[in-house]
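Undergrad: Questions regarding the structure given below will be posed in turn.
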Amino acid sequence: MNFKWLTFNCVSLFVAVFLIQFYDAAHLLWTLDKTHITLAILGIYMACSAYIGYMGEKADFKKVKFHSNRLTMWGLIGTMAGLILMFYGAADMEAFRNNILAEVGPVFLTGLFGLASSLALDIQIALCFDNYDD
């Protein structure tokens with residue numbers, strides 16, 4: 001097992017547990033993201049991380065890189081879905097103003113998680129694969 005990969009994931013796990021414990025992040029993810037695409041992004045990220053950890057240098061570099069790129073796309077899809085839900089829920093201009101103030105933060109949550117998890121997978125790839133050229 002790659003020590004750099006293990007260190008990176010231990011720090012990531014510590015940050016995740018801290019956020020879940022002190023900021024109730026799991027409940028916020030469930031309630032803020034109406035599409036629940038963020039949870040799918042996190043599931044794909046955890047599966048790819050486990051695959052890299054289990055396979056190590058023998059992991060299929062192209063397969064992991066493919067999923068890393070897809071996480072960014074899923075985040076953008078979630079952002080677009082959130083924007084559509086935000087605009088769809090407003091019947092008139094007053095409702096739209098109230099709706100936009102309440103919905104603007106959560107709309108970009110999936111995009112943020114998609115980008116962050118894609119970056120984290122790219123860091124894992126760089127730590128585990130010595131011949132990483134991308």
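Any read-out appearing in this document is the output of simple, stated calculations on the displayed coordinates, not a laboratory observation. As the structure is a prediction and not an experimental result, all values here were calculated from the model. Please note: Cβ atoms are built from the backbone with ideal geometry, for glycine as well, and neighbour counts cover all protein chains shown.
Undergrad: Extending each Cα 7 Å along its Cβ direction at Lys62 and Phe108, get the distance between those two points in nm, one decimal.
TA: About 3.6 nm, to one decimal.
Undergrad: Which one, Tyr45, Phe14, Leu28, projects farthest toward the positive side of the charge dipole computed for the range 1-68 from Cβ point charges (K/R +1, D/E -1)?
TA: Tyr45
Undergrad: Sticking with this one: Kindly rank 113-121, 21-29, 78-86, 61-69 from highest to lowest mean number of other beta carbons found within 10 Å of each residue. List each step's numbers first, then the result.
TA: Values: 113-121: 19.9, 21-29: 12.3, 78-86: 17.7, 61-69: 15.1.
Ranked by mean Cβ neighbours within 10 Å, highest first: 113-121, 78-86, 61-69, 21-29.
Undergrad: Give me the tail of P(r) for the range 3-128 as a percent: Cα-Cα pairs with distance above 25 Å.
TA: 33 percent
Undergrad: Amide H neighbours of Thr35 under 5 Å, at least 5 residues apart or on other chains, H built in the peptide plane: list them.
TA: Correct list: empty.
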